[in-house]
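Beneath this line is the structure, given in structure tokens, with notes to follow.
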Amino acid sequence: MNKPGLPSHSNFIRQIIESDLSSKKISAICTRFPPEPNGYLHFGHAKAIWLNSSLAKEYGGRTHLRFDDTNPEKEEQQYVDAIKDLVHWFGYSWGDHEYYASDYFQKLYDFAEELVRRGHAYVDSQSAEQMREARGTLTQAGTDSLYRDRDASTNLLLLREMRDGKHMDGKHVLRAKIDMASPNINLRDPVMYRIRHVHHHRTGAKWKIYPTYDWAHGTSDAIERITHSLCTLEFEDHRPLYDWFNQRLAEAGLLERPLPQQIEFARLNLTYVVLSKRLLIQLVEENHVDGWDDPRMPTLAGGRRRGYTAEGFRRFVERAGVSKAHQVIEFGILEDAMREHLNEVAPRRMAVLDPVKLIIENYPQGREEQVEIANHPQQPAAGKREVPFSGELWIEREDYQENPAKGYFRLYPGNEVRLRHGYVVKCIGMENDVVRCTYHEDSKSGTPGADKYKVKGNIHWVSAKTALAAQVHLYDRLFHVAAPGTMRDFLLDLNPESKRTITAQLEPALRYSKTGESFQFERHGYFAKDPKDGGFNRTVTLRDSWSKATP
């Protein structure tokens, strides 16, 4: 039987975990979410956060948050802070288990010295170009370095000089001694340390050499006693190297068994977005978007600002599931998950996005009354609110047609409609860009006899006297094609209509809304209060308008 919280097609990971627990190979599960702090988390990270945290919680284990901060030239504290903030927002806590690869720099270095002593690593003094040429190809074996057989004492001396800053960048590297003829290129004497005379955001100028990802990552997992290292499929070819490093260190008595097990799953790919960090950085640095938290960006920061919810993301990644097969998920599935959750939790409000004035000519001049409206039609516990009504209203421009098309049931000369939650009005026509009507005094919704008026049209409105004029940002997909950058520069696929800002007339209660609070603007979709300019961002429309779009 499947346990709640994870879809059935994640069983290949669950079966491994359950087998390891039942066989007593491990006593408890420990996973980790290991982002590199060189940018903001994107939508693909939602899957990794959910998978690692949900599995650990389900099987009574723990999840570590570890920053793989081994590349100081690209990493910054601002990214560390942003990642922690967003993982918390996503609904997961790592408790006291916050770690950094830089916490282990000394231990990793000590391990490296021991591998040198045991003949498993050596200092190579070839240039980067020479090493690249000697590495071979997928069909041709590599060539041993001239420095591969240096004795351990010479290697230790050079490694310590590298550590102490006595050599310039690129002069030497430390390489693992594995097999230059291996069919897996990752095992052809991979680099473990490079000289970098750069400042690290946590360790400052202490270190002049920095470990590579392949050397630091798996070793850090073993130091932390991670049991299951869940990675995306691009790391599958790196697994033999992951195991090789940890096995050599365990043989030296430097790591405890059982060693962590790397398990690969298909990464999350979405239509209409790019998730390459390199491309996301380009979008930000070249000002194609307004920063990492631009609501059009496929980052968790951008999604949160747009009004996407953490619960919506969790529902989305649960539906996307976990498999070994490469998959591209339709962006509409993400939007549907957001609609579903927002429909459950978002209070309803009236908003006129393209306003035109409506005057009720026989409504008493200067009169204002209150209309009682439910905050959420499916949730009585959400209560009701009072909305001011008067003889001068804002309505949507599209709700009036001088010469109505067939099947049009809204305002046109001689037709009657109900003003939502209010009165039935009869349209006289439009004059000087003002729609003019009369109303039936005994037609107010909820009053005795109001149901005797049978009309087909029902339109929303906002009282002009008390309306909140506010900026509304109508966000759409950042790219207008399903696979941006296919066979051409991805920037050519940017959607020029991805953002439009208008001044709308809103129900006055929205004046008191809180930053990030979400609402359904009736007939229009879901909107959230923007934390930066106080306007409202369209999160998602009420229905998918892209389902029949040309990719």
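The values are calculated or read from the model by the stated rules, or taken from the named source; none is laboratory data. For clarity, every value in this text was computed on a predicted model and none was experimentally measured. Quick reminder, even Gly has a Cβ in these numbers, built from the backbone with ideal geometry, and neighbours come from all protein chains shown. Side chains are part of the model used for accessible areas, which takes the heavy atoms of the whole protein and leaves out ligands, DNA and RNA. Shrake-Rupley method; radii C 1.70, N 1.55, O 1.52, S 1.80 Å.
Miscellaneous remarks
- Test: residue in the range 410-433 that is in contact with a helix residue (DSSP H, G or I) (Cβ under 7 Å, 6 or more places away or on another chain) and under 25 Å from G525 (Cα atoms): yes
- Screening the range 108-201 for strands (runs of 3 or more DSSP E) wholly inside it with 2 or more residues that are within 28 Å of E75 (Cα to Cα) and out of contact with any helix residue (DSSP H, G or I) (no Cβ under 7 Å at 6 or more places or on another chain) returns the ranges 173-176, 191-195.
- The set of residues from the range 444-478 being polar (S, T, N, Q), in a loop (DSSP other than H, G, I, E, B) and open to solvent by 40 Å² or more (accessible area, probe 1.4 Å) comprises S445, T447.
- The listed residue being farther than 28 Å from G516 by Cα and buried (at least 17 other Cβ atoms within 10 Å of the Cβ), out of Y408, Y412: Y412
- When L342, L334 are checked against the criterion of being under 16 Å from the mean Cα position of the chain (by Cα) and of a type in the set (A, V, I, L, M, F, W, C), L334 stands alone in meeting it.
- Of all the listed residues (G407, G366), the sole one being under 21 Å from H524 (Cα atoms) and without any contact (Cβ under 8 Å) to a residue 12 or more places away in the chain is G407.
- When we screen R62, R66 for residues that are touching a strand residue (DSSP E or B) at 6+ places or on another chain (Cβ under 6 Å) and open to solvent by 70 Å² or more (accessible area, probe 1.4 Å), the only hit is R62.
- Output for the range 72-93, where each listed residue is touching a residue at least 60 places away in the same chain (Cβ under 8 Å), of a type outside the set (D, E, K, R), outside any helix (DSSP H, G or I) and open to solvent by less than 50 Å² (accessible area, probe 1.4 Å): P72
- Of all residues in the range 145-159, those being touching a residue at least 40 places away in the same chain (Cβ under 8 Å) and closer than 19 Å to R188 by Cα number 2.
- Criterion (touching a residue at least 12 places away in the same chain (Cβ under 8 Å), open to solvent by 20 Å² or more (accessible area, probe 1.4 Å) and more than 19 Å from H480 (Cβ to Cβ)) met by exactly one of R296, R278, R304: R304
- One residue stands out among those in the range 288-324 that are in a loop (DSSP other than H, G, I, E, B) and of a type in the set (A, V, I, L, M, F, W, C): the one that is nearest to F527 (Cα to Cα), which is M297.
- Sole residue being assigned to a strand (DSSP E or B), surrounded by fewer than 16 Cβ atoms within 10 Å (Cβ to Cβ) and touching a residue at least 12 places away in the same chain (Cβ under 8 Å), chosen from T503, T515: T503
- Qualifying position, being touching a helix residue (DSSP H, G or I) at 6+ places or on another chain (Cβ under 9 Å) and part of a loop (DSSP other than H, G, I, E, B), among L491, L542: L542
- Unique residue being surrounded by 14 or more Cβ atoms within 10 Å (Cβ to Cβ), among the acidic types (D, E) and more than 20 Å from W244 (Cα to Cα) when the list is E133, E161, E114: E161
- Contact map, the range 36-55: residues that are in contact (Cβ under 8 Å) with a residue 40 or more places away in the chain paired with residues that are acidic (D, E) and open to solvent by 20 Å² or more (accessible area, probe 1.4 Å), Cβ distance under 8 Å, separation 6+ or inter-chain. Pairs shown: P37/E76; N38/E76; Y40/D293; W50/E318.
- Matching residues, the range 350-362, being part of a loop (DSSP other than H, G, I, E, B) and open to solvent by less than 10 Å² (accessible area, probe 1.4 Å): M350
- If you go through the range 262-274 and keep only what is assigned to a loop (DSSP other than H, G, I, E, B), open to solvent by 10 Å² or more (accessible area, probe 1.4 Å) and at pLDDT below 95, you end up with just R267.
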